[in-house]
Amino acid sequence: MHINGWRLVVCRLAGIIDAFRFNLLSVGPMILPEIHEFLGCRTPDGWIQAALADQETLLIDHKNCEFKAASTALSLIAKYHSHVDLINMMSRLAREELVHHEQVMRLMKRRKIELRQLSAGRYASGLRKVVRSHEPVKLVDTLVVGAFIEARSCERFEALVPHLDEELGKFYFGLLKSEARHFQGYLKLAYQYGDAKDIAQVIDRVRAAEQELIETPDVEFRFHSGIPAAA
């Protein structure tokens, strides 16, 4: 899809989210068809049940993901220091992700959840394996991977919201719009710095890898993990 098409996608996403804003807990699973179309699969029920059963690990790893997202944005700024549009977008994204990090920390404090070390899951490293090693396509692949991570985060928030308590449900619902915006931003930059025909192939390649990571058994439960091995 051309970048103008994806810009329209995110505008539609924002409208869908706003339509549900004042009736959060009375709605069923929200319909975000463009995100679902971009991803290769929906989150399996086994992961949702594992997340509901272990919300402490869910929140700790969510906190870690927000910090990693900010760190990734800052590292892209440092590496691609002549790409003005990338710098501007990643600067805004890093600030927003750090705000989310702080918000999760406050929520954990209210719930008396202690910080503890969690090992990194396989998801991000698995996606990085499909990134080509030479420029300029390395940047394009990295941006497409970023778009998939943000899209999956949005889809997982959507999947969880109907099952959560009011406080956590409202918080996760509020993150949908920012994740959709980040998804758009990564994809827009990929089309800006790459060739549309090549990007279509990259999206197909990353989608296949991402779907496998989501749908296959995973020994660790994390925010972006696959089906729990015991499920």
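Listed by chain and number, the lysines whose C-alpha is less than 22 Å from the C-alpha of LYS170, apart from same-chain residues fewer than 8 away, are LYS63, LYS109, LYS112. Distance between the modelled labels on GLN201 and ARG106, one decimal in nanometres: 4.8 nm (7 Å Cα→Cβ projection). Each residue of the stretch 129-134 was assigned a 3J(HN,Hα) from its phi angle through the Karplus expression (A = 6.51, B = -1.76, C = 1.60, θ = phi - 60°), giving 5, 8, 6, 5, 8, 10 Hz with x at Gly and Pro. Within the chain, helices built from complete DSSP H runs that reach 18 Å or longer along their own axis (Cα positions) and carry a mean Kyte-Doolittle hydropathy of -0.5 or higher are 3-20, 55-79, 84-110, 137-160, 166-193, 196-215. Stretched out straight at 0.36 nm per residue, the stretch from ARG116 to ASP85 would grow longer than its current Cα-Cα span by 7.5 nm.
Using a cut-off of under 14 Å, list every residue of the stretch 197-223 whose amide N is near the label point 7 Å from the Cα of HIS36 along the Cα-to-beta-carbon line. Within reach of a label on HIS36: no residues.
Comparing GLU212, GLU37, GLU97 in a Gaussian network model of the chain where C-alpha atoms under 10 Å apart are linked, the largest mean-square fluctuation is found at GLU37. If you run the Gaussian network model on the chain, springs between alpha carbon atoms under 10 Å, then out of LEU187, LEU76, LEU39 the most flexible one is LEU76.
Taking the protein heavy atoms of the chain in the context of the full set of protein chains, the accessible area attributed to carbon and sulfur is 57 percent at 1.4 Å.
On a per residue basis, the chain carries 47 Å² of accessible surface, using protein heavy atoms and a 1.4 Å probe.
The values are calculated or read from the model by the stated rules, or taken from the named source; none is laboratory data. This is a predicted model, so every value here is computed, not measured. Neighbour counts are summed over all protein chains in view; Cβ atoms, including those assigned to glycine, are modelled from backbone coordinates with ideal geometry. Quick note on the areas: whole protein, heavy atoms, side chains included, nothing else; ligands and nucleic acids left out. Shrake-Rupley method; radii C 1.70, N 1.55, O 1.52, S 1.80 Å.
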